[in-house]
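Trainee: Next up is a structure, given as structure tokens.
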Amino acid sequence: MKKTIIVAGAAGEGINTVEMFIEKILKHSGYSIYSYKNYMSRVRGGYNYSTIVVSSDPVYAIEEQGDIFIALNKEAHELASVQLKEDGLLISEMNHDNVKTILFSKEEMPHEVKGKNAFAMASVGWVLKYFGVTESNLERITNKKWRPEVNASNLAAATWGYEKATLTADFSKEQPERILVNGNQAVALGALSAGLSFYSAYPMAPSTGIMTYLSANEKEMNIIVEQTEDEIAGIMAAVGASSNGVRAMTGTSGGGFALMVETLGFAAVSETPLVVCNVQRPGPATGLPTRTEQADLAFVVTASQGEFARIVLAPLTVEDAFYTTHRAFNLADKYQVPVVILTDQLLADSTQSIPIFDTKSLSNERYLTVEPVEDYKRYDYDAISGGRKYPGIDKETIIMTDSHVHDPYGHVTEDEQATVLLKNKFMKRMDAIRTEAKAPLFHGSEDYETLFISWGSTYGALKEAVDSLIENGEKVALLAFSDVFPLSESIMDPYLSKKPFIINVEGNAMNQFGQILRMETGVRWQASINKYDGRPFTANYIMNEFEVIRNGQSK
Amino acid sequence: MVNLNKLNVVKNDNPFVTNNPTSWCPGCGNFSILDSINQVLYEEGLTPQDVLMVSGIGQAAKLPHYIHAHGLNTLHGRALPAAMGAQAANNSVKMLVTSGDGDTYGEGGNHFLHNVRRNLDLVHIVHDNQIYGLTKGQGSPTTALGQKTRLQFDGMRHEPLNPVALAISLGCTFVARSFSGDPKHLQKTIKAALDHKGYALIDVMQPCVSFNEVNTFKWYKERVFEIASDHDVTDKVKAFELAQTFGDEGIPIGILYREESPSFMERIPHIDRPLVDYVRKPEDIDSLLNRMID
Ligand SMILES: Cc1ncc(C[n+]2csc(CCOP(=O)(O)OP(=O)(O)O)c2C)c(N)n1
Ligand code: SF4
Ligand SMILES: [Mg+2]
């Protein structure tokens, strides 16, 4: 069973607080949670909402319409009729003409409950009771950072709301220990688990959360987080740090990535490991700062002049964002290349209840040569991976890090043979990376006749769509690519023997991944489902589009 | 002229000195800057393993390839952010940045502003030839108004930037000027800069014999004068005043301004040893994860 709660209002009216308490306590009570923030690019006012899906089983995507709608202001109250399902419930301070309303009017509230947050907190209490949370758990409505009076009046309001609720829908489940994290935090934690020491970046939505999380834990983790003067400095400082031995990273969104492009090539030619996270938002230029899109892929796989080896990884889920980021650091060190992690606002601002990350299963592989070596060649043309040294790693070796075509010692050369050898080395690296790339995730019926192709965060909604379609008797399956570039030529071979009808599903208009797949493997899609309105895919959207494609086919 | 012979005396036992061929023009002012750096590093008792030379792109920025020490030759304008990251990673090495006037004040201008604010602990030697050398003679941020170049055929249309006045106004903690034609002075200045904890800028007047027909060795020689010994280097207002003197009024060389202030890494006290020395493992994050359980 699954229910969706929408909390709506203006920025600054308490959406985040309501969301936090509901998620935290329902997770604790044995529910699976998936939530997503839909917000405007402004600090106060506007119309924002959070969608929280509560379920007995893991959830991978939001729904467009809610079962319960908490209206924090008049505008939200009016939009409830659009955002609620037919039999949905509105919680509001006013009565609504055409929606069933749980009314919390100011007049009704007892004197001691009437605080600034009274309505919001009463709604939290009501929701908790609705989902069968026991009264003793209401005490979790406290925040250590807040004043005791605030916590006390919040609790009083929540208790009042709790007592008003009668409907209950308890479908909680016994669950192992889980954490609540969003995509940005998962990337930050993945980096920390890999031994990140230095993060330098310039703020830009929706990527700033990575830097904020790291900065909040800077002292405990003994790392340095530096806000730079611009993104050029952000990436260059990361290269400077990495070339001197620490694991370093930068993060940004597409606009900032555009500024980083020259240094991406510098990391590659100087064979310096580098991890960059691009949290995509719709472009071009300023685009839609707080919305989502998957339209930077074509740019990222070709960014920077010249030819060099790089890796582009697009995590599928919040959980995958953690493990993929950890893997990104090992790959960057192994092949001494830039690794770009492509997430998006959907993933960054989605919070999921997931099993605690298994740090015991991870190891940090640095591929270094610690002991001094006779006639050490830092840039040996035959060394595709490993063997790296940095200044100070031993007491003898002198290290040159250089942006030109260089000899095996790192010194500038214009020799034609050296030029070719260096390029050949990069191309061999690319081949090695292709071979190591993770196969796409397959999900669906084994006797599929339709095969959906997706990459990155689109997996979530597509998985739910495929599950529903299979329930309806359809023979469908999906492939979700996290290792999006480079692709091996034969990567699609295992999935084509039944000659499926291929539908490419992407959050952009140009089918950017579909084009890369076609370019690298010769496999082409027969139909596509695209979304580029700045809003995330939902299972319903994909199912409707699938229906349209099918009807078109049978005509 | 540059007394290269005197420097040659120590060349054999100076581990910084290489016989790598340079791509500099014969007679260029860059040679004596290289020789002076080699000499001072040697006299300070440093070894090549103790030193990281960072640069951008330009004629000046090629210097790390001509010296036996760790090197980080980055992109045009980007030496300073790379230096910042390198210093964050390992502040146990001595760091010198060598770059041109275009590299530093033009393409890298924004980084200059903000790394002075950070007070990175490094010696920044700007080979200020008042021209773009590598790209064959276009005007630079320090080329004089009206000066004809290989691109500005009718003369420069903008006022030149005053690097030392700019640095003082930014709060740079060590601001000096020197002249590549006076290696003794240059070495003395580099030595003082190396002893300074924080951002030490030395704007070095460096004749470009190929592309700057105005600011020649003779032109500088006739104008430079040593700052009077009674100049109070801690007086910011006086230093700023002195920094206004340039050109036909004379070019003061020496230390204009100096102040004590915590350096970049001293302002990050939770890192108490070089960052690269911290041992890290995946389980380090378990404390953060456990807190996310409720
Ligand atoms: C991004 C970029 N733009 C332009 C160039 C071309 N370029 C190289 S060095 C240089 C200017 C050099 O002048 P300066 O920094 O004063 O150094 P100098 O050669 O005079 O020592 C230019 C424009 C480049 N390498 N990279
Ligand atoms: S172009 Fe000018 S600065 Fe460059 S090496 Fe020649 S003389 Fe020196
Ligand atoms: Mg110059």
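The values are calculated or read from the model by the stated rules, or taken from the named source; none is laboratory data. Just so it is clear, the model here is predicted, and its values are computed rather than measured. Cβ: placed from backbone, ideal geometry, glycine included. Neighbour counts: every protein chain shown. Accessible surface areas use protein heavy atoms only, side chains included; no ligands, DNA or RNA. Shrake-Rupley method; radii C 1.70, N 1.55, O 1.52, S 1.80 Å.
Trainee: Report the per residue volume, in Å³, of the convex hull enclosing the C-alpha atoms of region A:180-361.
Mentor: Here the figure is 102 Å³ per residue.
Trainee: Now for a different question. On a straight-distance basis, which aspartates and glutamates could pair with A:K498 in a cross-link, Cα separation under 19 angstrom, same-chain partners fewer than 8 positions away excluded?
Mentor: Filter leaves A:E446, A:D447, A:E449, A:E474, A:E489.
Trainee: Moving on to the next point. Report in % the part of the accessible area of chain A that belongs to carbon and sulfur, leaving out ligands and nucleic acids; probe 1.4 Å.
Mentor: 50 percent
Trainee: Right, another one. Need one value for A:223-233: mean number of C-beta atoms belonging to other chains within 10 Å of its residues' C-beta atoms.
Mentor: So the per-residue partner count for this stretch is 6.
Trainee: Can you compute the charge dipole magnitude of region A:290-406 about its Cα centre, using +1 on each Lys and Arg Cβ and -1 on each Asp and Glu Cβ, nothing else charged? Give it in debye, rounded to the nearest 20.
Mentor: In total the dipole reaches around 100 debye.
Trainee: Quick one: helix A:512-521 against the long Cα principal axis of chain A, what's the angle to the nearest 10°, folded into 0 to 90?
Mentor: Helix A:512-521 and the main axis of chain A meet at about 40 degrees.
Trainee: How many Å² of accessible surface get buried when A and B come together, counting both sides, probe radius 1.4 Å, rounded to the nearest 100?
Mentor: 4700 Å²
Trainee: Using only Cα atoms, find the angle between the long axis of helix A:254-269 and the longest principal axis of chain A, and express it within 0 to 90 degrees, rounded to the nearest 10.
Mentor: Helix A:254-269 sits at roughly 30 degrees to that axis.
Trainee: Enter the per residue convex hull volume of region A:299-439, computed from alpha-carbon coordinates, in Å³ rounded to the nearest integer.
Mentor: Per residue, the Cα convex hull of region A:299-439 comes to 144 Å³.
Trainee: Also: Binning at 5 Å from 0, report for region A:441-550 what percent of all alpha-carbon pair distances ends up in each bin.
Mentor: Bins of 5 Å from zero give 2, 12, 26, 27, 20, 10, 3, 0 percent of pairs.
Trainee: Lysines within cross-link reach of A:K219: Cα-Cα under 22 Å, excluding same-chain residues under 8 positions apart?
Mentor: Straight-distance partners of A:K219: A:K144, A:K145, B:K281.
Trainee: Something else: Can you list residues whose amide H is under 5 Å from B:I253's amide H, if they're 5+ apart or on another chain and H is modeled 1.01 Å from N?
Mentor: B:F225, B:E226, B:I227
Trainee: Continuing with this model, one more query. Once the dipole of chain A is set up with Lys and Arg at +1 and Asp and Glu at -1 on Cβ about the Cα centre, which of A:I311, A:V466, A:L422 lies farthest towards its positive end?
Mentor: Towards the positive end, the residue furthest out is A:V466.
Trainee: Using only the alpha-carbon atoms, how far is helix A:459-471 inclined from the longest principal axis of chain A? Give it as 0 to 90 degrees, nearest 10.
Mentor: 60 degrees
Trainee: Can you run the Rg to Rh ratio on region B:186-294? Use alpha carbon positions and the Kirkwood inverse-distance Rh.
Mentor: Reported Rg/Rh (Cα atoms, Kirkwood Rh): 1.27.
Trainee: Averaged across orientations, what area in nm² does the convex hull of the alpha carbons in chain B project?
Mentor: 18.2 nm²
Trainee: In percent, how large is the relative contact order of chain A, given Cα pairs closer than 8 Å and 6 or more residues apart?
Mentor: With pairs under 8 Å counted, the relative contact order is 12 percent.
Trainee: If you find the alpha carbon centre of region B:40-68 and of region A:275-323, how far apart are they in angstrom?
Mentor: The distance from the Cα centre of region B:40-68 to that of region A:275-323 comes to 37 Å.
Trainee: Oh, and also: Using the Cα centre as the reference, give the magnitude of the dipole from point charges on the C-beta atoms of region A:2-164 (Lys, Arg: +1; Asp, Glu: -1; all else neutral), rounded to the nearest 20 debye.
Mentor: Computed about the Cα centre, the dipole is about 620 debye.
Trainee: For the protein assembly as shown, count the residues as N, evaluate 2.2 N^0.38 Å, and divide the Cα radius of gyration by that value, please.
Mentor: Normalised by 2.2 N^0.38 Å, the Cα Rg of the protein assembly as shown equals 1.09.
Trainee: So what is the calculated 222 nm ellipticity per residue for chain A, using -39500 (n - 2.57) for each DSSP H run with n of 4 or more, over all residues, to the nearest 500 deg cm²/dmol?
Mentor: Value at 222 nm, helices only, nearest 500: -11000 deg cm²/dmol.
Trainee: When you look at the Cβ of every residue in B:268-278, what mean number of other chain Cβ atoms sits within 10 Å?
Mentor: Mean number of neighbouring Cβ atoms from other chains: 5.
Trainee: Also, quick follow-up: What's the average, rounded to a whole number, of partner chain beta-carbon atoms within 10 Å of each residue's beta-carbon in A:242-253?
Mentor: 4
Trainee: Go through A:A61, A:T134, A:N16 and say which Cα lies farthest out towards the positive end of the charge dipole of region A:2-164; charges sit on Cβ, +1 for Lys and Arg, -1 for Asp and Glu.
Mentor: Final value for the positive-end residue is A:N16.
Trainee: Another one. Which one, B:N119, B:A200, B:V54, projects farthest toward the positive side of the charge dipole computed for region B:30-266 from Cβ point charges (K/R +1, D/E -1)?
Mentor: B:V54
Trainee: Let me ask you something else. Give me the dipole magnitude in Debye, nearest 20, for chain A about the Cα centre, with unit charges on the beta carbon: positive for Lys and Arg, negative for Asp and Glu.
Mentor: 680 debye
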